[in-house]
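This report concerns only the one structure given below.
Readers should treat all values here as calculations from the given coordinates under stated rules, not as data from a laboratory. From a predicted model like this one, the values you see are computed outputs, not experimental measurements. Neighbour counts are summed over all protein chains in view; Cβ atoms, including those assigned to glycine, are modelled from backbone coordinates with ideal geometry.
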């Protein structure tokens, strides 16, 4: 146990002392390791330990939190007293806390704990990635390679008697390649991650495959022309293509926005908000997936949460506090970057489920359009659902065939509109990995989908 159970009880009792009706203690100790290499030379090696305690209390729809980076009893109790002081509603009414430990089933097998592997072996992985990136072509002028792993231990206790813990190990590798010709440069990247150890390189992608894929993308873009802006039929590939749903619609289905009416989908449960082709799911229970959790950061078990079923809105992603405001139970969706952040509802592994349309039929159905093979980053306003995304690898589609590569494309639209305009959904659902930023910090999330067709979409170009 990260801190003594008796101290946890004292902290909870202190937080409840001025009238709060619920209190929670969150304890974290995380080891974050990272290495980077630039053109065959090790650029940085770091190892950072993050540890501390977050304390929170509710009174009705008021929530107060405080944190400390020390495991010292005086510091923890002082943070709890600060929380109680901010409640100030009179004398304690809650019963004395009696904790009962709950053990959780771990569905994420770890074969090689990254922190147990010598740095030299990790550097060897980077060398292999770097060599493969440069070997792709003489036009590759730079390769930036990195490897990061996290070993996070958390403990959650609350005034309802819950005492539970989890250990979360994640590994992610990345390569960023630069291709140059006639004074012009283009880039490509590949960055797989999983909730697993260094077996990532055996079970997901080898260092050579990562380096080669990053350079392949850079070389495609080096030979690409520019796209003209306009309205196109757009096919968006599987994997990280799912970032479109994550950003344009996923955030608008989080209680963080819905509970306050700051979402275009607030109050619309049971309504049709998408094409009947669309079933969208947030599932934190997928073994070894990048965004998976045994428990969320409030100690609630994660689950498979069907958000949209054949176009009908069925559920939101709900945390404990916003659930109070909405009159709904937590869906195991509370997440936080660290103990220093207040948790709120966030996505885990969010994707559009596989459909029944064949990939070749989707492409063949497009007379004039855009095939988005790889998506980049973007932004969204959850209140309006308006979004803008860069496309990192794209091709024109003419007369049902994928043609020449183009660059400079961006997808522009509104979440509620794109959901209705998805009229074909493929069978090959895959996921891609990313880091999602919101009010509770940056957290690992998976995005995913099969190949989909959006019948009408605004494409920004030159």
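Fewest neighbouring Cβ atoms within 10 Å first, the residues 196, 317 line up as 196, 317. Its DSSP H runs of at least 4 residues, each contributing -39,500 (n - 2.57), put the calculated 222 nm mean residue ellipticity of the chain at -5500 deg cm²/dmol, to the nearest 500.
Each label point was placed 7 Å from the Cα along the Cα-to-Cβ direction; for residue 51 and residue 109 their separation is 3.2 nm. The angle between the Cα long axis of helix 207-222 and the main principal axis of the chain comes to about 50°, on a 0 to 90 degree scale.
Averaging sequence separations of C-alpha pairs under 8 Å and six or more residues apart, then dividing by the length of the range 230-460, give the relative contact order as a whole percent. Relative contact order of the range 230-460: 31 percent. Computed from Cα atoms, the angle from the helix 119-135 axis to the main principal axis of the chain rounds to 20 degrees.
Using the 10 angstrom Cβ neighbour count as an exposure proxy, how do 2, 222 rank, fewest first?
Exposure proxy ranking, most exposed first: 2, 222.
Most simply put, the chain has about 90% antiparallel DSSP beta bridges, counting only bridges with both residues inside it. Taking other C-beta atoms within 10 Å as the exposure proxy, 24, 213 rank 213, 24 from fewest upward.
Each Cα pair under 8 Å and six or more residues apart adds its separation to the average, and for the chain the resulting relative contact order is 16 percent.
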